[in-house]
2 protein chains.
Amino acid sequence: MINKETVVTEVALRDGSHAISHSFTVDQVTQVVKALDDANVPFIEVSHGDGLGGSSIQYGFSKTDEMKLIEASVGSTKNSAISVLLLPGIGTVKELKEAHQLGAKMVRVATHVTEADVSKQHISLGKELGMETVGFLMMSHMVPAEKLLEQAQLMESYGADTVYVVDSAGALLPHEVRTRIKLLKENLTVNVGFHAHNNLSLAMANTLAAIEEGATRIDGSVRCLGAGAGNTQTEVLVSVLERMNIQTGIDVYKMMDLAEELVAPILPEPQEITKGSLVLGYAGVYSSFLLHAYRAAEKYHLDPRDILIELGNRKVVGGQEDMIIDVASELAGYKIS
Amino acid sequence: MINKETVVTEVALRDGSHAISHSFTVDQVTQVVKALDDANVPFIEVSHGDGLGGSSIQYGFSKTDEMKLIEASVGSTKNSAISVLLLPGIGTVKELKEAHQLGAKMVRVATHVTEADVSKQHISLGKELGMETVGFLMMSHMVPAEKLLEQAQLMESYGADTVYVVDSAGALLPHEVRTRIKLLKENLTVNVGFHAHNNLSLAMANTLAAIEEGATRIDGSVRCLGAGAGNTQTEVLVSVLERMNIQTGIDVYKMMDLAEELVAPILPEPQEITKGSLVLGYAGVYSSFLLHAYRAAEKYHLDPRDILIELGNRKVVGGQEDMIIDVASELAGYKIS
């Protein structure tokens, strides 16, 4: 099944969960998975947008228990394998075992790009359970290629079959993708993957750059159904790769049809690059900073974009939201008390 | 004003006319032009979607006379120059003179990629009138780079200050853009430009490829307001070029603001890559073929995509719609009578 040049993982039913406030129903997931399976998509990811166990007041409650969605997905496939995402700290061993029991065949263990060490336990467990395991390095634009390699090597040492460069903020430029993928390809023995976001309208450009540098695992979301401006649009990617004679094993016509007939009706409105998603990609910061920055900007009479860009320059990460008010205060010319 | 590395022409008020059935009002155009001018966009194109004189039963009637829109645009600018598009055979000398009289400073004379010879009269007139003149080679994916160069050289010989490679169907792949722009740069003394469409989600990738190969004139449409899947999204392009330290002279924040506040509300719905626009880019054919192909497919029990792809392979051009039924009949295994 995965003896292809480019192996696609469809993430609309996981990353896309963000775009529809985690409201997927069993019926929607069953229909989409059946069609993706029929189109011969190798991997289909099904989880809360923030991974297993994400359903919470903090990350948003799922309308339908993700285990029900995973079970329905497994039951709807003949060829495709179901993948689950797990962020250590949000998802736990318990949920991973449950997803495995229900028939999930791949686990992707996602950490911030500097925190690969927290993935060890779950990557190891994935291997023990006989699952295909992936290390998923989020916000990969925030560190130089050398640091990214070091973290990827950690994941490789834990047993990951694949390590992904994840452009969570859609902030990477094509040459930055090339440098990263090239270095990983030269120094890892496992597969290298790439996950794009379209905040700077570069999802397809970056994906092709990654493939050219040797990435063989690629994420896409049908109709761009993903967080922010969405991901690389899968049915378009498959069409472009077909035009480039790069094999994915996926049926182009079936992908076009399911995008139009099954996925488009799920979106409350078409995905596009709005001011908010553009600013996040331009500044290279977490989406959770947006609201805080707007509030701080109002207080200090600043443009929120100046705050976000400065946060990006300082490489502020999730959990450091306190920094936002400090940065705003500094930019406004106040001394920090 | 145009002493920049990349000189942008904003086409939302011309190419975008297709996306809203040529319904621009004086009020909309005035507001958008004022904001674009304030953001320091060098050129703003204002015409019917099919160029001067396009308002007709065949191409769709303009809600407001384009000359009124051009006049209002000129009156709303301090820095920007107003451009008009002219397709010989649709627009005439009369309309070009009128637009010039109203204050249009640039004319882009557009022909099919193999028919540059019909641009001579209008390019010459543009020069005589003291306008900046551009040759605009549409459907550039349909011929090899060498043929494209030959046609570009014709336009150069007529006096064009710039020749554009126009990817009307959004069908070019990045390496195909590179080959074309490179050959033109090596053999022309005038400026080389590039106009993308996003049918294959490659508008930004192709635009960056063109710039890397030396194109200095680039088209964009705010919020992708253009035909099909739209063009390179201008406010995103300007953000990306700023991140790449390529000078456009355009204010990024002002572009983000006007996109969100003035242009987004004009769109009946966000631009996205639908099955229709994807198929057109994948097959590399005229949008006018779509309906004919669907009808022929029904008659011969075929997939319309097979017809469109075969039409693309045979390089069928506008005006040859009769070929569609022949191709369908052949694909269905009938002898052509």
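Taking the residues in the stretch A:279-317 that are within 14 Å of chain B (Cβ to nearest Cβ) and in a loop (DSSP other than H, G, I, E, B) as candidates, determine which candidate is farthest from A:GLY230 (Cα to Cα).
Looking at residues that are within 14 Å of chain B (Cβ to nearest Cβ) and in a loop (DSSP other than H, G, I, E, B), I get A:LEU302.
Conditions tested, residue by residue: (1) under 19 Å from the mean Cα position of the chain (by Cα); (2) within 18 Å of B:ASN191 (Cβ to Cβ); (3) charged (D, E, K, R).
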residue: B:ALA81; (1), (2), (3): yes, yes, no
residue: B:LEU85; (1), (2), (3): yes, yes, no
residue: B:HIS100; (1), (2), (3): no, no, no
residue: B:VAL107; (1), (2), (3): yes, yes, no
residue: B:VAL134; (1), (2), (3): yes, yes, no
residue: B:LYS147; (1), (2), (3): no, no, yes
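Residue check, A:HIS175 against (1) buried (at least 19 other Cβ atoms within 10 Å of the Cβ); (2) closer than 20 Å to B:ASN206 by Cα, all met but one. Which one?
Only one criterion is unmet by A:HIS175, namely (1).
Could you identify the single residue in B:VAL165, B:VAL240 that is of a type in the set (Val, Ile, Thr), more than 12 Å from every other protein chain (Cβ to nearest Cβ) and open to solvent by less than 10 Å² (accessible area, probe 1.4 Å)?
Answer to the check: B:VAL165.
Which one is farthest from the other protein chains (Cβ to nearest Cβ), of the residues in the stretch B:243-278 that are within 21 Å of the chain's Cα centre (by Cα), surrounded by fewer than 22 Cβ atoms within 10 Å (Cβ to Cβ) and not charged (D, E, K, R)?
B:ILE266
Condition check ((1) surrounded by 14 or more Cβ atoms within 10 Å (Cβ to Cβ); (2) β-branched (Val, Ile, Thr); (3) free of Cβ contacts under 8 Å to residues at least 12 places away in the same chain; (4) in the same structural domain as B:MET142 (by TED's automatic domain parsing)) across all residues:
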position: B:HIS292; (1), (2), (3), (4): yes, no, no, no
position: B:ASP306; (1), (2), (3), (4): yes, no, no, no
position: B:LEU311; (1), (2), (3), (4): yes, no, no, no
position: B:VAL317; (1), (2), (3), (4): yes, yes, no, no
position: B:GLN320; (1), (2), (3), (4): yes, no, yes, no
position: B:ILE324; (1), (2), (3), (4): yes, yes, no, no
position: B:VAL327; (1), (2), (3), (4): yes, yes, no, no
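Taking the condition of being polar (S, T, N, Q) and on the phi > 0 side of the Ramachandran plot, how many residues in the stretch B:132-189 meet it?
0
Which one is most open to solvent (accessible area, probe 1.4 Å) among residues in the stretch B:210-226 that are out of contact with any helix residue (DSSP H, G or I) (no Cβ under 6 Å at 6 or more places or on another chain) and farther than 16 Å from B:ARG108 by Cβ?
Applying the filter and picking the extreme gives B:GLU212.
Inside the stretch A:209-219, can you point out the residues that are more than 12 Å from chain B (Cβ to nearest Cβ) and farther than 13 Å from A:TYR164 by Cα?
A:GLU213
Quick check, is B:LEU137 assigned to a loop (DSSP other than H, G, I, E, B), touching a helix residue (DSSP H, G or I) at 6+ places or on another chain (Cβ under 7 Å) and either open to solvent by less than 10 Å² (accessible area, probe 1.4 Å) or modelled with pLDDT under 95 (or both)?
When the stated conditions are applied, B:LEU137 does not pass them.
Looking at B:ASN231, B:ASN206, which one is at the interface with another protein chain (Cβ under 9 Å from one of its Cβ atoms), of a type in the set (S, T, N, Q) and touching a residue at least 24 places away in the same chain (Cβ under 8 Å)?
Of B:ASN231, B:ASN206, the one residue that is at the interface with another protein chain (Cβ under 9 Å from one of its Cβ atoms), of a type in the set (S, T, N, Q) and touching a residue at least 24 places away in the same chain (Cβ under 8 Å) is B:ASN206.
Would you please list the contacts, defined by Cβ atoms under 7 Å and residues six or more apart or on different chains, that run from a residue in the stretch A:164-190 that is polar (S, T, N, Q) to a residue that is part of a strand (DSSP E or B) and surrounded by fewer than 24 Cβ atoms within 10 Å (Cβ to Cβ)?
Listed pairs, sorted by first residue: A:SER168/A:MET138.
Modelled with pLDDT of 95 or more, buried (at least 24 other Cβ atoms within 10 Å of the Cβ) and assigned by TED's automatic domain parsing to the domain that holds A:GLY60, is that true of A:ALA229?
Considered against the rule, which asks whether it is modelled with pLDDT of 95 or more, buried (at least 24 other Cβ atoms within 10 Å of the Cβ) and assigned by TED's automatic domain parsing to the domain that holds A:GLY60, A:ALA229 comes out as no.
Every residue in the stretch B:279-290 that is of a type in the set (Phe, Trp, Tyr) and either over 21 Å from the mean Cα position of the chain (by Cα) or open to solvent by less than 10 Å² (accessible area, probe 1.4 Å) (or both), please.
B:PHE289 - this is the single residue of the stretch B:279-290 that is of a type in the set (Phe, Trp, Tyr) and either over 21 Å from the mean Cα position of the chain (by Cα) or open to solvent by less than 10 Å² (accessible area, probe 1.4 Å) (or both).
Going by what's in this entry, would B:THR189 be described as farther than 30 Å from A:LEU208 by Cα, open to solvent by 20 Å² or more (accessible area, probe 1.4 Å) and not aromatic (Phe, Trp, Tyr)?
yes
What pairs can you find where one residue is in the stretch A:117-128 and over 14 Å from A:ALA99 (Cβ atoms), the other is assigned to a helix (DSSP H, G or I) and among the hydrophobic types (A, V, I, L, M, F, W, C), and their Cβ atoms are less than 8 Å apart, with a gap of 6+ or different chains?
Within 8 Å, the pairs are A:ASP117/A:LEU154; A:SER119/A:LEU154; A:SER119/A:MET155; A:LYS120/A:LEU154; A:GLN121/A:VAL93; A:ILE123/A:MET155.
Does A:VAL222 satisfy the condition of being under 25 Å from A:GLU146 (Cα atoms), in the same structural domain as A:VAL11 (by TED's automatic domain parsing), out of contact with any Gly (no Cβ under 6 Å at 6 or more places or on another chain) and not polar (S, T, N, Q)?
For A:VAL222, the condition - under 25 Å from A:GLU146 (Cα atoms), in the same structural domain as A:VAL11 (by TED's automatic domain parsing), out of contact with any Gly (no Cβ under 6 Å at 6 or more places or on another chain) and not polar (S, T, N, Q) - is not met.
The values are calculated or read from the model by the stated rules, or taken from the named source; none is laboratory data. No experiment lies behind these values; they were computed from the predicted model shown. So basically every Cβ, Gly included, is an ideal-geometry build from the backbone, and we count neighbours across all protein chains shown. Heads up: the accessible areas ignore ligands, DNA and RNA and are worked out on the full protein's heavy atoms, side chains in. Shrake-Rupley method; radii C 1.70, N 1.55, O 1.52, S 1.80 Å.
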